[in-house]
Amino acid sequence: MRIFLILLWLIPISAGAQDNSIRLAIPDPLLETGFMDYLLPRFSLKSAIRVDRVPVGAPADLVLTREPAGQVVFIGADAQWYLDTQIDSPTAMRFADWLTSDAGGRAITGFQPQGDTIFLLPQPDAPVVVRVPINPALAAKGGDLSLDHCGRCHVVSDANRMKGIGSTPSFALIRTFSDWDTRFQTFYVLKPHPAFTQITDVTDPFDPARPSPIVPLHITAEDLDAIIAFVATIAPADLGAPMQSQ
């Protein structure tokens, strides 16, 4: 009976010790930098989880490797380093989460043995911009629609250069805005357009008590796509150099 009780007392201690430690395989070139001597105690102090260092090839919960596997966690020592999870456990995930957190990032970049940052954080990939060729026929249709519907107020092109309202911006001027495409895509909700614009299956009908103050503008969503294709062909207006004061 006494032996049985001793075994019951030992079991939770063994499980608890196992739950509070992880095995991390670290290549020799990374160990030789001294980086792990700096980094791992900071994680253990924060989490109360012990990190046991094991050689590459030995059983491990996590592996730091230069081979593309897992998640990139830092860059330095002439390599990009990945953290490869071998065993999905809560303690292993805590280390992975900490290493990629703000606190882990500060610890990584804080390693400066000679006053210089040795390890850097991975940078997010730059977005890939895909330029869709403009359909000439669609743009030509958009030019005609723009003159018919928008030319009443805006200077659309040289074709109505002297016929726009002076208080409204020309299409070439709008093209200088970084969000010109968004402005055209949503023009029907920007004042004063809602008062006289109807887009089939997009806008609500006019309130009979508040009819359009001018001849209504009726287009379809496809017409709007054509107008935007046309505007994309317009060169932004040359506004000259910014004014400077002396």
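Any read-out appearing in this document is the output of simple, stated calculations on the displayed coordinates, not a laboratory observation. In this text the structure is predicted, and so the values were computed from the model without any measurement. In this analysis, Cβ positions are derived from the backbone assuming ideal geometry, glycine residues included, and neighbour counts consider all displayed protein chains.
Some values worked out for this structure:
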{"quantity": "The chain, dipole about Cα centre (Lys/Arg Cβ +1, Asp/Glu Cβ -1), debye to the nearest 20", "calculated": "540 debye"}
{"quantity": "With Cα atoms, 0 to 90° folded angle of helix 136-145 axis to the chain main axis", "calculated": "50 degrees"}
{"quantity": "Computed lengthening from ASP225 to LEU120, 0.36 nm per intervening residue step minus Cα-Cα distance", "calculated": "33.3 nm"}
{"quantity": "Summed side-chain charge close to HIS154 - residues other than HIS154 whose Cβ falls under 14 Å, Lys, Arg +1, Asp, Glu -1", "calculated": "+3"}
{"quantity": "Order of HIS193, HIS218, HIS154 - criterion: other Cβ atoms within 10 Å of each residue's Cβ, fewest first", "calculated": "HIS218, HIS193, HIS154"}
{"quantity": "3J(HN,Hα) from dihedral phi, segment 111-123, Karplus parametrisation 6.51/-1.76/1.60, rounded to Hz, x for glycine, proline", "calculated": "6, 9, x, 10, x, 10, 5, 8, 10, 10, 7, x, 9"}
{"quantity": "J(HN,Hα) series, segment 71-76, from Karplus relation 6.51 cos²θ - 1.76 cosθ + 1.60, nearest Hz, glycine and proline x", "calculated": "10, 5, 10, 6, 10, x"}
{"quantity": "From the C-alpha gyration tensor of segment 98-217, square roots of 5λ in Å", "calculated": "50, 20, 15"}
{"quantity": "³J(HN,Hα), Karplus 6.51/-1.76/1.60, whole Hz, each residue of segment 25-33, x for Gly, Pro", "calculated": "7, 10, x, 4, x, 6, 4, 5, 6"}
{"quantity": "Percent of beta bridges antiparallel (DSSP, the chain, rounded to nearest 5)", "calculated": "50 percent"}
{"quantity": "Residues in segment 63-87 reached by a label modelled at VAL56 [backbone nitrogen below 17 Å; 7 Å Cα→Cβ]", "calculated": "63-86"}
{"quantity": "Helical mean residue ellipticity (222 nm; -39500 (n - 2.57) per DSSP H run of 4+; nearest 500) of the chain", "calculated": "-10000 deg cm²/dmol"}
{"quantity": "For ARG50, distant residues with modelled amide H under 5 Å away", "calculated": "SER21, ILE22"}
{"quantity": "The chain: mean projected area of Cα convex hull, nm²", "calculated": "29.1 nm²"}
{"quantity": "Sequence-separation-based contact order of the chain, relative, with Cα cut under 8 Å and 6+ spacing, percent", "calculated": "14 percent"}
